[in-house]
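Heads up, the thing below is written out as C-alpha cells.
The values are calculated or read from the model by the stated rules, or taken from the named source; none is laboratory data. Note that the structure is a prediction, hence the values are computed from the model and not measured. As a convention, Cβ positions derive from the backbone with ideal geometry for all residues, glycine included, and neighbour counts pool all protein chains shown.
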Amino acid sequence: MQVIDLDAHWGEMQMRAREIVEREPALATLLNETVLDRDSFAECLTFRLTRKLVNHATSIDVLHATFMEAFLHKPNILQQVACDMIAVNERDPACQDVLTPLLYFKGFQSLVCYRVGHYLWNEGRTELALYLQSLISETFSVDIHPAAQIGCGILLDHATGFVAGETAVIESDVSILHEVTLGGTGKDRGDRHPKVRSGVLLGAGAKILGNVEIGEGAKVGAGSVVLKDVPPHTSVAGVPAQIIGKASEISPALGMCHELD
C-alpha cells in the first residue's frame, strides 16, 4: 500500500475548503463543520459521515465515538481512506480535488463507513458492525458486509446498488461501477463470494457470483454475469461471461477504459 503523508493530505483538504468558501459562501456552513472547524483528518471524516448516518434510532454521540475509536485505534484506516480519496481524484473526471469525494460522492463515503464496520467486526463487535452495515445500506444504497476484505486505492464510482458479500475479497487498486454484485450462488455457507484481484475494472451492472476469482488486471464488461474464474489480464463480457480477448492495459482499473478488446 502506498504510504500517504496524512499531514500533507489534511493540509490540502483544508486549503481546498478555504478556496471553496471564498468562491461559494453558501457552502460555508458545510465546509466549516466538516473541515475548517475540525482539528484532524479523523475528526473531519467522523463529523461528515456520522451526520449522514444518524437516524431516530441512533445516537450521534455513539456514532461519533465509534468512528473516532476506529480511527485512533487502527490508524491504518486513515491511510486507506486517504489512498481511496487520491484514487477517486485520479480516476474520476468528475472529481475536482481530493476533498470532493468526502463532500459529495457516496461511493467514497460508504467505503469509509464500511472500514469502520470492518474494524468493529474484527474487534468481535459483530452486532454493532451489522447495525452499521444496515445504516450504510439505508443511507447510501450500498451493501457491504463488514467481514468483507477490501484493500485501498478503491474507486466505487456512483456506487448505487453495489453489493459485496461476507467472504468477498477486493484487493487494492480496483475500480467498480454502480450496480455491481459480488454475491453468492445459493444457501451455501463458508467461503462463497468472489475474489477480485488488483488492477481489475468491473463495469456497471456486472454480477459476479460464487467463490470465483477475477484475476489481476482483468476487465469485466458492463452487464456481464460471471460464474467462473477470469484469468489475469483478460476481458470478459456476456451472460454468462466469456473471454473475448486480452485486456488492453496492465491495470484497467487505473485507465478506466470500458472498451472491450
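A few points about this structure:
- Listed by first and then second residue, the pairs linking a residue in the stretch 195-208 that is more than 11 Å from Val225 (Cα to Cα) and touching a residue at least 60 places away in the same chain (Cβ under 8 Å) to a residue that is surrounded by 24 or more Cβ atoms within 10 Å (Cβ to Cβ) and of a type in the set (Asp, Glu), with Cβ atoms under 7 Å apart and 6 or more places separating them unless they lie on different chains, form an empty list.
Condition check ((1) in a helix (DSSP H, G or I); (2) under 22 Å from Thr234 (Cα atoms); (3) not hydroxyl-bearing (Ser, Thr, Tyr)) across all residues:
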site: Phe108; (1), (2), (3): yes, no, yes
site: Pro146; (1), (2), (3): no, no, yes
site: Cys152; (1), (2), (3): no, no, yes
site: Ser172; (1), (2), (3): no, yes, no
site: Gly186; (1), (2), (3): no, no, yes
site: Arg192; (1), (2), (3): no, no, yes
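- Residue satisfying condition, being assigned by TED's automatic domain parsing to the domain that holds Phe41, of a type in the set (Lys, Arg) and farther than 27 Å from Val35 by Cβ, within set Arg125, Arg91: Arg125
- Boolean, Val112 is under 20 Å from Lys52 (Cβ atoms), assigned to a loop (DSSP other than H, G, I, E, B), outside the structural domain of Pro194 (by TED's automatic domain parsing) and in contact with a helix residue (DSSP H, G or I) (Cβ under 6 Å, 6 or more places away or on another chain): no
- Criterion (of a type outside the set (Phe, Trp, Tyr), touching a residue at least 24 places away in the same chain (Cβ under 8 Å) and in contact with a strand residue (DSSP E or B) (Cβ under 8 Å, 6 or more places away or on another chain)) met by exactly one of Val142, Val112, Val116, Val163: Val142
- Note on the stretch 185-209: residues that are buried (at least 19 other Cβ atoms within 10 Å of the Cβ) and closer than 19 Å to Thr167 by Cβ amount to 11.
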